[in-house]
């Protein structure tokens, strides 16, 4: 039985999220060891509270690990975990990334160049046209379009990316075998062939309302920036925007009429500091996506030298200003800046704000 079966098992236990999963790994060395640990050892590990321990013991007594793993394999679903080198780089950088991702389709290395497009389910003609145009232009620039498969803006963004021959990723608030809304089942099949359907929820999980806010952190986490096309003041798209800001992602908002309720959320985002989106160039320039082909070529052709290796040791997932990097590395400022520029082209580091870098 694959080690991934234990990741699936713990993922099915209510109350065990990223923090407790990390604590279990630190306490027992592997999830297989944690799964078979005596109740007393689990209690004494400090990784679980009373409720999550009770839930774990209940699931452990009833779950057929082999059957659960066979179910995933029969469905043709790929499983990505923290221990998998294929785990998406952008998502790995956020606080508490999901320990398990169920994937119908494929997430590729090139999906590191991704932008999310989100918005209201009740898009106006204006919103529909903007979503279509932006998704089409991103796809033509070989940027992956990420969204949530909801009706309205999400649906338009996914379809436009597919029609333009690009890649798109849909993040669900249900299991990847439970497509919601039902109207998008055919669209989901097309996405799985030309991108990926993704969820942190196990197979068979229904689309409950409480699943969608956590889902939104994955939409923003997979992306380098988030575009909000059209959103009311209580739109779920604003939750995605808040997650994006917390994750040091750029947030772009399409301005709209102050007389239109569907634009109130976007206009408020701009008032609060989001970048007004007037054309696709605003996104491509801000996120340094005008050089995607160059970045791919350099990443494949230029070897990493010892100074780059040294510089990487002074970087982490936390943004670090170039001045601090220079101080820690003891390299001349000009040399460090030059190396960081080359490393960004290679995809080794990413500039998340002015002169601040994270390791990818």
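The values are calculated or read from the model by the stated rules, or taken from the named source; none is laboratory data. On a predicted model such as this, the values are computed, not experimentally measured, just so you know. Using ideal geometry, Cβ is built from the backbone for each residue, glycine included, and neighbour counts are taken over all protein chains shown.
The single condition among (1) at pLDDT 95 or above; (2) under 25 Å from residue 211 (Cα atoms) that residue 120 does not meet is (1).
If you go through the range 1-23 one residue at a time, do you hit one that is buried (at least 17 other Cβ atoms within 10 Å of the Cβ) and more than 18 Å from residue 202 (Cα to Cα)? No: the range 1-23 contains no residue that is buried (at least 17 other Cβ atoms within 10 Å of the Cβ) and more than 18 Å from residue 202 (Cα to Cα). Does residue 37 meet the test of being over 29 Å from residue 212 (Cβ atoms), surrounded by fewer than 16 Cβ atoms within 10 Å (Cβ to Cβ), modelled with pLDDT of 95 or more and not assigned by TED's automatic domain parsing to the domain that holds residue 203? In short, no. Looking across the range 242-263 at every residue that is closer than 16 Å to residue 131 by Cα and not in a loop (DSSP other than H, G, I, E, B), the one that is nearest to the chain's Cα centre (by Cα) is identified as 251. Taking the conditions (1) more than 21 Å from the chain's Cα centre (by Cα); (2) modelled with pLDDT of 85 or more; (3) part of a helix (DSSP H, G or I) in turn, residue 297 satisfies each one other than (2). What about residue 107, is it in a loop (DSSP other than H, G, I, E, B), modelled with pLDDT of 95 or more and either out of contact with any helix residue (DSSP H, G or I) (no Cβ under 7 Å at 6 or more places or on another chain) or buried (at least 23 other Cβ atoms within 10 Å of the Cβ) (or both)? Answer is yes for this residue.
Scanning the range 324-341 for residues that are crowded, with 18+ Cβ neighbours inside 10 Å and closer than 26 Å to residue 112 by Cα, we see that the one that is nearest to the chain's Cα centre (by Cα) is 340.
Among the residues of the range 124-151, those identified as crowded, with 24+ Cβ neighbours inside 10 Å and either more than 17 Å from residue 190 (Cα to Cα) or not assigned by TED's automatic domain parsing to the domain that holds residue 217 (or both) are 127, 131, 134, 138, 143.
Of the residues 78, 84, 70, 95, the single one that is touching a strand residue (DSSP E or B) at 6+ places or on another chain (Cβ under 7 Å) and within 26 Å of residue 196 (Cβ to Cβ) is 78.
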